[in-house]
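Okay, structure first, notes after.
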Amino acid sequence: SSGGIGTNYCAAHANSTGQPAAMAASGSAVAAANDVTLAASRMPANAFGYFIVSQTAGFAANPGGSAGNLCLGGTIGRYDQSVQSSGATGAFGLAIDLTSIPMPTGTVSAAAGETWRFQAWFRDAQGGSATSNFTDGLAVTLQ
């Protein structure tokens, strides 16, 4: 199906657009289908960013001087080989490979029954200073 999958959690702080950035995903929650596309929207125009992933929910306000909330905990992987620009629309997306989820120690394969949590981390400028911000979190429980 091409409908939305996952459940949003953990509110995002407003970014320099005045609104919070949002996470969504489309495709299939069936692990074997390997059909999940992440989408981040409502970001500032032409902001660079990438998706991050964990199996653990968490909450950290303003991590590392960011203007946003980190909604992941535990071991956090980064899709930093897929840095993207939000372009004129303030949005970007990424089709992910569930058999190759990035983790600090290498890639892992997702399995049915697991819940994976995603967020986008992007550059932002607030009050004239360069910083970063995050979307809300999105939890996808695989079947």
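The values are calculated or read from the model by the stated rules, or taken from the named source; none is laboratory data. The structure presented is a predicted model; accordingly, all values stated were derived computationally and were not measured. Backbone-built Cβ (ideal geometry, glycine too); neighbour counts: all protein chains shown. For accessibility, only protein heavy atoms count, side chains too; no ligands or nucleic acids. Shrake-Rupley method; radii C 1.70, N 1.55, O 1.52, S 1.80 Å.
So the values come out like this:
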item: The stretch 75-91, subset open to solvent by 60 Å² or more (accessible area, probe 1.4 Å) and touching a strand residue (DSSP E or B) at 6+ places or on another chain (Cβ under 7 Å), residue modelled with the lowest pLDDT; result: ASP80
item: Options PRO63, PRO44: the member that is modelled with pLDDT under 95 and of a type outside the set (S, T, N, Q); result: PRO63
item: Strands (runs of 3 or more DSSP E) (entirely within the stretch 1-74) containing at least 2 residues that are surrounded by fewer than 18 Cβ atoms within 10 Å (Cβ to Cβ) and more than 13 Å from the chain's Cα centre (by Cα); result: 56-61
item: Count of residues meeting criterion [more than 19 Å from SER82 (Cα to Cα) and either of a type in the set (A, V, I, L, M, F, W, C) or at pLDDT below 95 (or both)] in the stretch 19-41; result: 5
item: Candidate set: the stretch 92-131, residues that are open to solvent by less than 70 Å² (accessible area, probe 1.4 Å) and among the β-branched types (Val, Ile, Thr); chosen: the one nearest to PRO20 (Cα to Cα); result: THR131
item: Some residue of the stretch 118-136 being on the phi > 0 side of the Ramachandran plot and in contact (Cβ under 8 Å) with a residue 12 or more places away in the chain; result: no
